[in-house]
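Peer 1: Take a look at this one; I'll ask things after.
The values are calculated or read from the model by the stated rules, or taken from the named source; none is laboratory data. Since this is a predicted model, take the numbers as computed values, not measurements. Cβ coordinates were reconstructed from backbone atoms using ideal geometry, including for glycine residues, and neighbour counts include every protein chain displayed.
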Amino acid sequence: MIFRRAIVSELANNAGAVFSVLFFIVFTQVLVHLLGDASNGKVDPKDLVSIVALETLTNIPLILVLTVFIAVLIALSRAFRDSEMVVWFAAGQSLFAWVRPVLRFTLPVAAVIAMLAFFVSPWAERLIAEARTRFQHRDDVSKVTPGQFIESTGSNRVFFVENLDPEGGRVQSVFAAQRRGDRESVIVAASGVMETHTDGARFLVLRNGRRYEGDAGVPKYRVLEFDRYAIRLDAQPEAPLTNARTRTIPTQRLLADFTPRNQGELLSRIALPVVAVVLALLAIPLAYVNPRVGRSANLIVATLLALIYLNSVQIMQAWVDRERVRFWIAVWLAHGIAASLAAILFVRRVYSSRMLGAALRGRSGGQ
């Protein structure tokens, strides 16, 4: 009992350290990626903090899966290196004795992973999709960030604004370039203001500026000076904020509408908690350290097998999406192969450990 509690405590300590490192890495990657999207006008800078938090939240299930696997692998590798396992085998215990404490540590984490995968992650994905959709459906000037060139929704107009007052709808030092076919026009103005007409049309009214108009490749432009010039803003038609991606669909809807794409997404959600348990069990025989081979050899093999397992789950999802494999076969195929491999490795390690234990007991009896 004391031994099992010590194992669970060590696993928890290792998991805390591993989770902190993996979370920091994922958070940094998400932050850098979204900062690039914000600078390119794909994400509203005002929603950046919330989107970063939601994106990180969607990655937590996979982080927990890797955390469980690495924590078990580190704990048992240390026991093999420090010869604790030799004493354990000499006392007549088997490698199977590690299964119960490992499952005691893994199953609560797998329950958390299942809750996140089935309910929290789709909710977070939906909020991210809504935030991105709202920003994409705003008019061109509303997307403008002072000091940056922003392309319009129709990809035929570029805006640059030096100063912007979002509440008053006023802009200063405006540059706008537009192209229609071979016809190009460039507009510069000292200031402008946004106006909404009674029919709902929105215009950017520029004051005290010039317009340069001509054909592309022809060095001849017409220059017009104006006191007031109105540009109609491109606005996307209202569209539902729900994203068509299956990752945003709640689990209840996936079960109700059992299409191949929904089956593939449901397969990936079911796989995460199962992968956590299977990888934790697989890590027990993979943690064996052979001093003749080196301390890192088992880690390399374990990492490769984990990557193959995770990729096989994604392959099963793609095959279900394309209707190459039935859902009820794909839902257990990859996990069954991994569990069978774990059973084979267990039998092999238990057999070799029994031989080691018998040899040690025979040597001590002979002395």
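Peer 1: Taking ALA75 and the conditions (1) assigned to a helix (DSSP H, G or I); (2) surrounded by fewer than 19 Cβ atoms within 10 Å (Cβ to Cβ), which numbered condition does it fall short on, given that it satisfies the others?
Peer 2: Tallying (1) assigned to a helix (DSSP H, G or I); (2) surrounded by fewer than 19 Cβ atoms within 10 Å (Cβ to Cβ), ALA75 fails exactly one: (2).
Peer 1: Looking at segment 255-264 only, could you name the residues that are surrounded by fewer than 21 Cβ atoms within 10 Å (Cβ to Cβ) and within 16 Å of SER121 (Cα to Cα)?
Peer 2: ASN262
Peer 1: When segment 211-225 is examined, which residues are found to be within 19 Å of GLN172 (Cα to Cα) and loosely packed, with under 14 Cβ neighbours inside 10 Å?
Peer 2: If the condition is that a residue be within 19 Å of GLN172 (Cα to Cα) and loosely packed, with under 14 Cβ neighbours inside 10 Å, then GLU225 is the only one that fits.
Peer 1: Right, something else. Please give the number of the condition ASP165 fails out of (1) modelled with pLDDT of 80 or more; (2) surrounded by fewer than 14 Cβ atoms within 10 Å (Cβ to Cβ).
Peer 2: Condition (1) is where ASP165 drops out.
Peer 1: Another question, then. Counting only residues that are basic (Lys, Arg) and over 23 Å from GLY264 (Cα atoms), which one in segment 320-349 is modelled with the lowest pLDDT?
Peer 2: Applying the filter and picking the extreme gives ARG349.
Peer 1: I'm checking my understanding of the structure. Among residues of segment 293-307 that are in contact with a helix residue (DSSP H, G or I) (Cβ under 9 Å, 6 or more places away or on another chain) and modelled with pLDDT of 90 or more, which one is surrounded by the most Cβ atoms within 10 Å (Cβ to Cβ)?
Peer 2: The selected residue is ALA306.
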